[in-house]
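Worksheet for the structure shown next.
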Amino acid sequence: MLKNIIISIFSLALALAAGLTSLGAVTKNKVPDIAIGLQPVNGFAAENLAARVMRASVAENGGRFPDSISPAAIGWARQAFLSEPVTPMAVAALALNAKKANERPLMQRAFALSRREQFVTGWMIADSSVRGDTQDILNFYDTTLRTNVAAAPVLIPVMVNALANRESIAPFADLLSRDPPWAAEFWEKLAEPSGPLINGATLRKRLYDKKENTEQYRDLNLVRSLIYTQHFEVAEELYTLLSEMPSKGSLVRNSSFDNAPEFPPLDWELVSSGEYGAAIADGRLQLSAIQNSGGLFAKQLVKLPSAVITIGVKTSQPVPDDAEIVIGLACAEKLGVMPQPIRMKIKEQSMLRKISNERSECQYYWINISGRAAENSGGFDFSIQSLAMFTK
């Protein structure tokens, strides 16, 4: 499980480097050198000296934890522990110097003393990875992110990459169900096109709750990334779960323009510029363009069966003589043999046209609405009442 799930020595070294950087003031501080010479012995000063050596050893070892540390550091650790038994790095130093059977129990005690000590947390992560305990690894990452905001740029990408393995979905679901404060950053990174989108969608579906607070999720970004990486079916499944938009039997979602889009381009993606644009209002798709302007107004991804399909369009008024409005249909998939795109000019207020998808290998199509105002016109304001596709 170790190789495929969560951690590499390199990523751990980066996480430790983040911790070491944030602790730079401590490692450069000369106060411990002075305090260690005073009587009675200052336990915390002795701990700082031991910690300085331990962190330097990790940095010099490329992020790996040393099998042992210098006798001087052990001496400082013992002094620290005898003077102040609550010094976590002193306990950690003693753990590194202990027999293998005692190493983990001692390091667990150091972790119990302070969850902010990144050296100890890093060791616990590495130990959990050796044991293949994904849940433990994620819990320690959670601890690090809760106690050190600066660790997020390093750890969040590592965690997102870990989700590429399906076996990590359940541990992630358990952890994220607790609403950790870093969840929004995690979902933001996960929803990038380069993320493990399929497993991310599975994780999102597993965590879905009708009463959930959706602020931490990035559902629209996830759906869009799934679509633009050609994972159409997964995007549709997630949309069906998350959307509150009812289906009315048409192959086109929101075919009567009753609702504002929730997840474009699955329920209309609208385009607007300074010269032309589209909006959904009052149960209509409203299109506007100034003189000699136009282009794509709206589009939607639709899944078409292998059948004869009827396209139906109803408009609120006739198309102006000096304007052109076109319904287009083009395959969205990447196929060796692409079906020919279809263009259907709107010439009447109510139109029907039959097309056949029976011999095509394409299932997913872009249906789009485009238009243009003539050069010698004053522009247009035009609205469509419905655009539906059905097999009956």
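Every read-out reported here was derived from the displayed coordinates using simple, explicitly stated rules and does not represent laboratory data. This structure is a prediction, so every number in the text was calculated from the model and none was measured. Cβ: placed from backbone, ideal geometry, glycine included. Neighbour counts: every protein chain shown.
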Residue-span extension gain [residue 241 to residue 60] - 0.36 nm each, minus C-alpha spacing: 60.1 nm
Cα gyration tensor category, rounded, prolate or oblate, for the stretch 302-357 with a/c compared to 1.5: prolate
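Please give the length that would be gained between residue 292 and residue 166 if that part of the chain were fully extended, namely 0.36 nm times their separation in residues minus their C-alpha to C-alpha distance (nm, one decimal). Present the calculation step by step, with values, prior to reporting the outcome.
On the way: separation 126, 0.36 × 126 = 45.36 nm, distance 5.26 nm.
This chain segment gains 40.1 nm when fully extended.
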Nearby aspartates and glutamates by direct alpha-carbon distance to residue 211 (threshold 16 angstrom, same-chain neighbours under 8 apart not counted): 179, 219, 244
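Output the DSSP H helices from the chain with an along-axis C-alpha extent of no less than 24 Å and a mean Kyte-Doolittle hydropathy no less than -0.5.
Details: long enough: 43-60 (26 Å, 0.39).
Going by DSSP H runs, the hits are 43-60.
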Which labelled figure in (i) 27.0; (ii) 22.8; (iii) 25.3 is Kirkwood radius over Cα pairs in Å, once derived from the coordinates: (iii)
Förster radius 30 Å - calculated FRET efficiency between residue 376 and residue 250 (Cβ-Cβ, nearest 0.05): 0.20
Proximal aspartates and glutamates relative to residue 392, as straight alpha-carbon distance under 16 Å, when same-chain residues fewer than 8 apart are discounted: 358
Where labels lie 7 Å past Cα in the beta-carbon direction, separation of residue 351 and residue 130 in nm: 7.1 nm
Charge context of residue 150, other residues only, Cβ under 14 angstrom, K/R +1, D/E -1: +1
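Dipole of the chain, Cα-centred, from +1 at each Lys and Arg C-beta and -1 at each Asp and Glu C-beta, to the nearest 20 debye?
Details: 40 positive and 40 negative charges, 177 e Å.
Here the size comes out at about 840 debye.
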Extension reserve of the residue 174-residue 308 stretch, reckoned as 0.36 nm per residue once the Cα distance is removed: 43.6 nm
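Please give the net charge around residue 253, taking every other residue with its beta carbon less than 11 angstrom from that of residue 253, where Lys and Arg add +1 and Asp and Glu add -1. Could you put the intermediate results ahead of the total?
Details: positive: 248, 303; negative: 236, 258, 262, 267.
After counting each charged neighbour, the total is -2.
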Cut-off 16 Å, label 7 Å out along Cα→Cβ of residue 330, residues of the stretch 280-310 by amide N: 295-302
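Using the count of nearby Cβ atoms within 10 Å as a rough guide to exposure, how do 276, 141 rank from fewest to most?
On the way: 276 22, 141 25.
The order, fewest Cβ neighbours first, is 276, 141.
Which whole-number percent gives the relative contact order of the chain, counting Cα pairs below 8 Å spaced six or more residues apart? Don't jump to the answer; show the numbers that get you there.
Details: 709 pairs, mean separation 46.6, N = 392.
Taking the mean separation of contacting Cα pairs over the length of the chain, I get 12 percent.
Using unit Cβ charges (K, R positive; D, E negative) and no other charged atoms, how large, in debye to the nearest 20, is the dipole of the stretch 163-242 about its Cα centre?
Using Cβ point charges on Lys, Arg, Asp and Glu, the stretch 163-242 gives about 80 debye.
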Total charge dipole magnitude, the stretch 208-286, about the Cα centre, Cβ charges on Lys, Arg, Asp, Glu only, Debye to nearest 20: 100 debye
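How large is the helix-only mean residue ellipticity at 222 nm for the chain, computed as the sum of -39500 (n - 2.57) over DSSP H runs with n ≥ 4, divided by its residue count, in deg cm²/dmol to the nearest 500? Can you show the working numbers first?
Values: 16 runs with 168 residues, N = 392.
My calculation for the chain gives -13000 deg cm²/dmol from helical runs alone.
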The stretch 156-183 and the stretch 234-299: distance between their alpha carbon centers, rounded to Å: 33 Å
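Using only alpha carbon pairs under 8 Å that are at least six residues apart, calculate the relative contact order of the stretch 269-390 and give it in whole percent.
Dividing the mean separation by the residue count of the stretch 269-390 yields 41 percent.
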